[in-house]
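Where a number appears in this text, it was derived from the coordinates with a stated rule and is not lab data. Note that this is a predicted model, so its numbers are computed, not measured. Heads up, the Cβs are rebuilt from the backbone with ideal geometry, glycines too, and the neighbour counts pull from every protein chain shown.
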Amino acid sequence: MYEVQIMGTGSFVPEQIIKNDCLSNFVDTNDEWISSRTGIKERRISSGENTSDLAIGAAKEAIEDANITADEIDLIVVATTTPDFFMPSTACLVQKGIEAYNATCFDISAACTGFIYALNVGFQFVRSGQSKTALIIGADTNSKIIDWSDRNTCVLFGDGAGAVVLRRSDEKGIIHIDTGSDGRGDELLFCPGVNVKNPFVEELDEKKQFMHMNGKEVFRFSTTVVPQTIEKLLKKSSYSIDDIKYFLLHQANARIMEAVAKKMNIDTKKFYKNIHNYGNTSAGTIPIALNEMDKGGLLKKKDLLVLAGFGGGLTWGSALVQWNK
Ligand code: ACO
């Protein structure tokens with residue numbers, strides 16, 4: 001088995017900034033409610049860019065940061081719930097956009113945990129020797145599946161993408177990844193696909209392709225499952241909570257991060273937050289924040305980080321990473 005390092009990070013978000021107050025043009029809400037309940041102040045919303053455009057932007061930055069050429073990439077995995085097409089995959093569109101024609105490309109659907117799942121796939125491919133250089137992306141254009149007349153959801157989400165380049169290495173990098181799913185929670189967070197429609201079935205009512213969420217239950221689920229996955233992750237390694245420099249959680253709600261920190265008795269200062277600027281970009285939140293931490297010089301060699309996600313499915317997962325970039 002090889003060691004697998006994160007060699008480069010990148011992110012890309014639409015230019016258009018939508019502040020909380022602007023949302024009161026569509027729904028009965030206000031900045032005070034949104035910021036006090038979620039921590040969100042503004043989000044980036046697409047002016048026409050689709051998920052592949054965001055993913056390509058993030059990929060280009062990660063490739064440059066890793067100091068590699070696109071033809072060295074032999075695997076592209078995109079985690080997204082908002083692909084441009086049913087087919088081709090967003091990963092194939094990225095391949096074309098960055099001209100990485102030596103790569104095998106596919107998408108992963110695990111909602112907001114998507115990036116952790118995709119990182120695990122990349123980790124296993126590179127660790128086993130199947131792949132040498134993998135491009136792992138989390139990208140979502142949530143604005144296209146949001147019901148802009150539903151104040152319970154439209155205030156929470158934004159659009160964006162983040163990427164990492166993984167490479168075979170002699171130094172430690174990704175140490176361990178824990179993932180889990182529970183399909184019994186399918187109704188807590190979902191977005192319908194298209195109905196079955198063919199000459200042999202009775203036509204059903206057209207389902208609206210909008211995201212639906214039971215906010216209270218998702219809050220309960222996430223504050224239960226995140227401590228569990230992190231504890232499991234650390235148990236499998238030789239490290240303890242005190243060894244971890246930063247916890248980077250999926251940015252769904254600042255209050256979720258605060259509740260997890262309290263439950264685990266960890267200083268909230270160790271939890272990196274950028275939700276105020278971007279809202280919840282689903283699969284994008286973790287790699288966008290990782291890129292910000294990297295560019296901002298927060299991460300030093302040998303620092304230990306825990307990344308943790310949760311989302312629709314239900315799905316969850318966490319990754320223990322030693323920063324050796
Ligand atoms: N503006 C103003 N009022 C609002 C808004 C809004 N945008 N949304 C709801 N309200 C109202 C409700 O209607 C309710 O009014 P009522 O008391 O008259 O009925 C009141 O505010 C309180 O609503 P609650 O749902 O109890 O508010 P809560 O404190 O639970 O916060 C929230 C709601 C922010 C959604 C919270 O439950 C939460 O963060 N849940 C987790 C959501 C999440 O993380 N989702 C994504 C995770 S997975 C993924 O990323 C896909």
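Antiparallel as a % of all DSSP beta bridges within the chain, to the nearest 5? Could you put the intermediate results ahead of the total?
On the way: 38 of 54 bridges.
In the chain, approximately 70 percent of DSSP beta bridges are antiparallel ones.
How do the peptides 79-85, 190-196 rank, highest first, by the average count of neighbouring beta carbon atoms within 10 Å per residue? Walk me through the numbers before you get to the answer.
On the way: 79-85: 22.7, 190-196: 12.4.
In decreasing order of mean packing, 79-85, 190-196 become 79-85, 190-196.
Using unit Cβ charges (K, R positive; D, E negative) and no other charged atoms, how large, in debye to the nearest 20, is the dipole of segment 173-265 about its Cα centre? Let's see the in-between values first.
Numbers: 13 positive and 13 negative charges, 88 e Å.
Charge dipole of segment 173-265: 420 debye, to the nearest 20.
From largest to smallest, what semi-axes in whole angstrom does segment 3-171 give when each is the square root of 5 times an eigenvalue of its alpha carbon gyration tensor? Write out the running numbers ahead of the final one.
Details: eigenvalues 213, 46, 36 Å².
After diagonalising the Cα gyration tensor, the semi-axes are 33, 15, 13 Å.
In whole Å and largest first, what semi-axes does the C-alpha gyration tensor of the chain yield when each eigenvalue is scaled by 5 and square-rooted?
On the way: eigenvalues 166, 119, 72 Å².
Listed largest to smallest, the semi-axes of the chain are 29, 24, 19 Å.
Excluding residues on the same chain fewer than 8 positions from Lys270, give the lysines whose Cα lies under 23 Å from its Cα.
Leaving aside lysines fewer than 8 places away in the same chain, those within reach of Lys270 are Lys41, Lys172, Lys232, Lys235, Lys236, Lys245, Lys262, Lys295, Lys300, Lys301, Lys302, Lys325.
In a shell of Cβ-Cβ distance under 14 Å around Gly185, excluding Gly185 itself, what net charge do Lys and Arg (+1) and Asp and Glu (-1) give?
Numbers: positive: Arg184, Lys216, Arg220; negative: Asp182, Asp186, Glu187, Glu217.
Overall, the nearby charge balance is -1.
When only C-alpha pairs under 8 Å and at least 6 residues apart count, what is the relative contact order of the chain, in percent? Before the final figure, lay out each step's value.
On the way: 823 pairs, mean separation 85.1, N = 325.
This gives 26 percent for the chain.
By average Cβ neighbour count within 10 Å, what is the ranking of 211-218, 255-262, 48-55 from highest down? Kindly include the intermediate steps, with their values, before the conclusion.
On the way: 211-218: 16.4, 255-262: 18.5, 48-55: 24.1.
Packing order, densest peptide first, comes out as 48-55, 255-262, 211-218.
Below 13 angstrom from the Cβ of Ala261, what's the summed charge of the other residues (Lys, Arg +1; Asp, Glu -1)?
Values: positive: Arg255, Lys262, Lys263, Lys269, Lys270, Lys273; negative: Glu258, Asp267.
Local net charge: +4.
Which residues among segment 77-109 fall inside the zone where the amide N is under 17 Å from a point 7 Å beyond the Cα of Lys144, along Cα→Cβ?
From segment 77-109, the list is 78-97, 107-109.
Would you work out the charge dipole size for the chain about its Cα centre, treating the Cβ of every Lys and Arg as +1 and the Cβ of every Asp and Glu as -1, and quote it to the nearest 20 debye? Before the final figure, lay out the partial values.
Details: 35 positive and 41 negative charges, 236 e Å.
Dipole about the Cα centre, nearest 20: 1140 debye.
If r is the Cβ-Cβ distance from Arg37 to Glu15 and R0 is 41 Å, what FRET efficiency results, to the nearest 0.05? Could you put the intermediate results ahead of the total?
Values: r = 27 Å, r/R0 = 0.65.
The calculated FRET efficiency here is 0.95.
I'd like the per residue volume of the convex hull spanned by the Cα atoms of segment 195-325, given in cubic angstrom. Provide the component values of the computation, followed by the final result.
Values: hull volume 20.2 nm³, N = 131.
Convex hull of Cα atoms, per residue: 154 Å³.
Can you tell me how much longer the chain between Thr268 and Lys236 gets when fully stretched, taken as 0.36 nm per residue apart minus their C-alpha distance, in nm with one decimal? Before the final figure, lay out the partial values.
Values: separation 32, 0.36 × 32 = 11.52 nm, distance 2.38 nm.
Additional length available on full extension: 9.1 nm.
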